[in-house]
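Trainee: Sharing a structure here in structure tokens format.
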Amino acid sequence: MTGASALHFSGLGKRYGRRAWALRDCTLDLPQGHVIGLVGANGAGKTTLLQLAIGLLKPTEGTVSMFGRPLRMDSPAGLAEVGFVAQDHPLYRGFSVADMLRYGRAMNPRFDQQGAERRLRELGIPTGHRADRLSGGQQAQVALTLALAKQPRLLVLDEPVASLDPLARRGFMKTLVEAVAETDLTVLLSSHVVTELERVCDHLVLLHQGRVRLSGDIEDLLAGHRMLTGPRTDDTAGIDGLIVATHGTRHSHLLVRQPVGMPAHPRWEVNPVGLEDVVLAYLARPDAEPPSPEPPPTTPPPEPGRRLSIVTDRSADERQA
Ligand SMILES: Nc1ncnc2c1ncn2[C@@H]1O[C@H](COP(=O)(O)OP(=O)(O)OP(=O)(O)O)[C@@H](O)[C@H]1O
């Protein structure tokens, strides 16, 4: 981790023909050496942003810099720095895995053939098989292995686990985490599976209708929010920083921003939040103001699963339950 920027977007926007803007006013700094998760509802602009980031799409407005230089994907040096796995990880039909390794080596001077073969062996993927006859999980692993073998500085993955079952998804993410641990690779990946992102990412970008709504270090985002749980009520007046309230039959859960100086709401149990809580809250309330980049100074972040303070004000039926 160097603190430098891997990608910088300045006023980036994309419009397909005369249609509405797919991405607008995107100004972001994505830090080098981090694993950055990109989330957003269908059509939010994730694929558009990823393709702009690596020069597969030309911006309608704004600029992209990669590792401090204006993006030039027409130069071989620029191409060598990026590995890309597209949605559904398409592989060349009819090619064997060994053919694709040969092709990768011919196209990329730094291609790590031995490393790729070792990884495939460890994964139990036979290189003699035709790639399009492998299972979806194996195809995803082959696509990732080929991208990693380029030894890129930036790896971009567009919903790489979308079509995989939970086991294959876990295997894919494990390969990714191991690769990141061995290098200073920067990874930018989009996914709807937030629980997987939470396992591997340390930085998050949330898009809503083509605009960046949330961006930051995941630890800071989690430290900047709390979940208040208490007896079911529709009366949330006076709750500072309320982002979203959800109600069960007996309980209400309020996701709030930076409740410094708790307990400010003595009726409520205060719990740490998970990434999925935060993502769902900002998807439901994309207009909500996120916390300031600095985490609250007085309240140390809670350990996962530990409660900050527990104030019991539960109904009798619940205490018996
Ligand atoms: N080639 C295209 N031509 C016209 N409109 C497009 C094109 N590609 C994307 N769009 C539109 O741009 C918007 C953003 O699409 P994009 O694919 O970037 O979203 P996404 O967040 O990746 O969606 P998903 O999660 O469904 O993959 C959508 O409204 C989409 O219909």
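Quick note: the coordinates plus some simple rules give every number you see, no bench work behind them. Every value quoted in this text rests on a predicted model; they were computed, and no experiment measured them. Glycine also receives a Cβ, built like all others from the backbone with ideal geometry; neighbour counts cover every protein chain displayed.
Trainee: Using modelled amide H (1.01 Å from N, peptide plane; none on Pro or chain starts), what sits under 5 Å from the amide H of residue 15, excluding residues fewer than 5 places away?
Mentor: Amide H to amide H, under 5 Å and 5 or more residues apart or across chains, residue 15 pairs with 22, 60.
Trainee: Next up: Hey, what number do you get for the chain at 222 nm if only DSSP H runs of n ≥ 4 count, each worth -39500 (n - 2.57), divided across all residues, to the nearest 500?
Mentor: When only DSSP H runs of four or more count, the value is -8500 deg cm²/dmol.
Trainee: At a Cα cut-off below 19 Å, give the aspartates and glutamates reachable from residue 150, other chains included and same-chain residues fewer than 8 away excluded.
Mentor: Filter leaves 74, 81, 99, 112, 117, 122, 158, 178, 182, 184.
Trainee: Name the residue farthest towards the positive end of the dipole of the range 134-268 from the options 181, 138, 152, assuming +1 on Cβ of Lys and Arg, -1 on Cβ of Asp and Glu, about the Cα centre.
Mentor: The Cα lying farthest towards the positive end belongs to 138.
Trainee: Determine the relative contact order of the range 5-218: mean sequence separation of Cα pairs under 8 Å and six or more apart, normalised by residue count, in whole percent. Before the final figure, lay out each step's value.
Mentor: Details: 413 pairs, mean separation 63.1, N = 214.
Averaging sequence separation for qualifying contacts and normalising by length gives 29 percent for the range 5-218.
Trainee: In addition: Looking only at the chain, where both bridge partners belong to it, what percent of the DSSP beta bridges are antiparallel (to the nearest 5)? Could you put the intermediate results ahead of the total?
Mentor: Working: 37 of 54 bridges.
The answer is about 70 percent antiparallel.
Trainee: Return the lysines within reach of residue 46: Cα separation strictly under 22 angstrom, same-chain partners fewer than 8 residues apart disregarded; answer none if there are no such residues.
Mentor: 14, 58
Trainee: Along each of its three principal axes, how wide is the spread of alpha-carbon positions in the range 71-207, in whole angstrom units, largest first?
Mentor: Over the range 71-207, Cα extents along the principal axes are 38, 36, 25 Å.
Trainee: Test of understanding: in a Gaussian network model of the chain with alpha carbons linked when under 10 Å, which of 18, 211, 170 would top the mean-square fluctuation ranking?
Mentor: Between 18, 211, 170, it is 18 that shows the largest mean-square fluctuation.
Trainee: Say we join alpha carbon atoms closer than 10 Å with springs in a Gaussian network model of the chain; which of 231, 286, 160 then has the biggest fluctuation?
Mentor: Comparing 231, 286, 160 in a Gaussian network model of the chain, the most mobile one is 231.
Trainee: Follow-up question, since we're still on this one. If you place +1 on the Cβ of every Lys and Arg and -1 on the Cβ of every Asp and Glu, how big does the dipole about the Cα centre of the chain come out, in debye to the nearest 20?
Mentor: Values: 36 positive and 36 negative charges, 212 e Å.
The dipole of the chain has a size of about 1020 debye.
Trainee: Please work out how much length the chain gains when fully extended from residue 234 to residue 10, using 0.36 nm per residue of separation minus the C-alpha to C-alpha distance, in nm with one decimal. Let's see the in-between values first.
Mentor: Details: separation 224, 0.36 × 224 = 80.64 nm, distance 4.17 nm.
Between residue 234 and residue 10, full extension yields 76.5 nm more.
Trainee: Follow-up. Need the full-extension length gain, residue 107 to residue 209, defined as separation in residues times 0.36 nm minus the C-alpha distance. One decimal, nm. Before the final figure, lay out each step's value.
Mentor: Details: separation 102, 0.36 × 102 = 36.72 nm, distance 3.71 nm.
Result: 33.0 nm gained on full extension.
Trainee: A follow-up question, please. Under a 5 Å amide H to amide H cut-off, with H placed in plane at 1.01 Å, what residues pair with residue 35 once short-range neighbours are removed?
Mentor: Amide H neighbours of residue 35: 187, 202, 203.
Trainee: Still on this structure, please answer the following. Gain in length, residue 135 to residue 29, computed as 0.36 nm per residue apart minus the alpha-carbon separation, to one decimal in nm? Display every interim value, and only then the final one.
Mentor: On the way: separation 106, 0.36 × 106 = 38.16 nm, distance 3.67 nm.
Fully extending the segment from residue 135 to residue 29 adds 34.5 nm.
Trainee: Rounded to the nearest 0.05, what FRET efficiency do residue 65 and residue 170 give with R0 = 25 Å and r taken as the Cβ-Cβ distance? Could you check?
Mentor: Using R0 = 25 Å, I get an efficiency of 0.15.
Trainee: With no solvent and one equal point scatterer per Cα, compute the Debye intensity ratio I(q)/I(0) for the chain at 0.08, 0.10 Å⁻¹ and report its log10, rounded to two decimals.
Mentor: Computed log10 I(q)/I(0) values: -0.44, -0.65.
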